[in-house]
1. When the convex hull of the C-alpha atoms of the chain is computed, what volume per residue in Å³ does it have?
2. What whole-number distance in Å separates the alpha-carbon centres of the stretch 384-407 and the stretch 318-354?
3. When the chain is treated as a GNM, springs tying every alpha-carbon pair under 10 Å, which of 154, 233, 123 comes out with the largest mean-square fluctuation?
4. Calculate how many DSSP beta bridges within the stretch 287-416 are antiparallel, expressed in % of all such bridges and rounded to the nearest 5.
5. By how many nm would the segment from residue 160 to residue 20 lengthen if fully extended, with 0.36 nm per residue of separation less the alpha-carbon distance?
6. R0 = 30 Å: FRET efficiency of residue 230 with residue 274, Cβ-based, nearest 0.05?
7. With an 8 Å cut-off on Cα pairs and a minimum separation of 6 or more residues, tell me the relative contact order of the stretch 11-150 in percent.
8. Can you give the FRET efficiency to the nearest 0.05 for residue 303 and residue 167, using r as the Cβ-Cβ distance and R₀ = 56 Å?
Ligand code: SF4
């Protein structure tokens, strides 16, 4: 029988005023019970006609949970005052819409479009910094207005760690290569900080890394730097001067394995050019900058895919980078549906799937196979509340008669 403390029960069943919006009693309990387990075996909830295989790690990370709690607290402590957030708290429409309903105002969209002019903000306004952080320029604008930007700073310490490593390496003469999406808020923020200390350039993926590597190796004309990287490089970036010593950091929600591959690839390129004996002078070690949560969710998804299943459902915001990476992993093996919430499950016949590769939604028919017992892989991105995953389970179960009662299923889980 799994050890189960009354503290865990109390914490997960007695949800706080706002926590009820994003926590799930069932999934919170499962997470709590499995806390500290080192293995990545998925949790199976066997309802008879439907078996859910739930990733060992899924959903909210500590950084996101902390940011959400801070945003709700900021609203609660500052009734009657304008409460702003620099951009979306997290990439999840459910939470963002709830915060907006309660009065939170976003200054910018997730793509950087200004929604509220800076002139509208005043010294005693409340501004919450999201988990991704904010750009140095935006912080300076707010500080110049006298806004206390430290009071409600929810920037994740793992993102902060990336910044500090970029600063440290920049001071040692390294150029920073950021593996990220240039327009993503986190990459924008990291870029703005990094380029104060180091020439900085952003690569989107392995394909763009190859182009940059060929420029470093001299097998591509330098002019290609202008074509491919000028728009994502810091001002004054000189490809002759600034590609002699490099270190790779990442947007923490990118595919961890891809960042590791990119870092290793640039290491090889530099060793080939400058010699293995000169590694320390030309390659910065940034292995410690990968976020544990993104890595865990992705590793848990790999393990999920080792278990038998008919389909996978991945829940998260459409602009959530880490969710799309989970979808990418699942769709290599089985039919995968990327949804925002239970509302995208239109009926037992149809599901509204977001094809993030082509950025369009498609209504897919007959997504649930006609079988005696179906097995469904379930996971969610770092910005998806557990409550949504629970609602997805409940909605699917509602399509079947005579499923096993929840207490019995949880009882089995506890006995394992
Ligand atoms: S995904 Fe990682 S870096 Fe991003 S908020 Fe969560 S813990 Fe922090």
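1. Working: hull volume 65.9 nm³, N = 416.
In the chain, the Cα hull volume divided by residue count equals 158 Å³.
2. What the calculation gives is 17 Å, centre to centre.
3. 123
4. Values: 7 of 16 bridges.
Close to 45 percent.
5. On the way: separation 140, 0.36 × 140 = 50.40 nm, distance 2.88 nm.
Contour length minus the Cα-Cα distance gives 47.5 nm.
6. That gives a FRET efficiency of 0.75.
7. Relative contact order of the stretch 11-150: 18 percent.
8. In this case the efficiency is close to 0.95.
Every number in this text was worked out from the coordinates using simple rules, so none of it is lab data. Everything numeric in this text was worked out from a predicted model, so none of it was measured. FYI the Cβ positions are ideal-geometry reconstructions off the backbone, even for glycines, and counts take in every protein chain you see.
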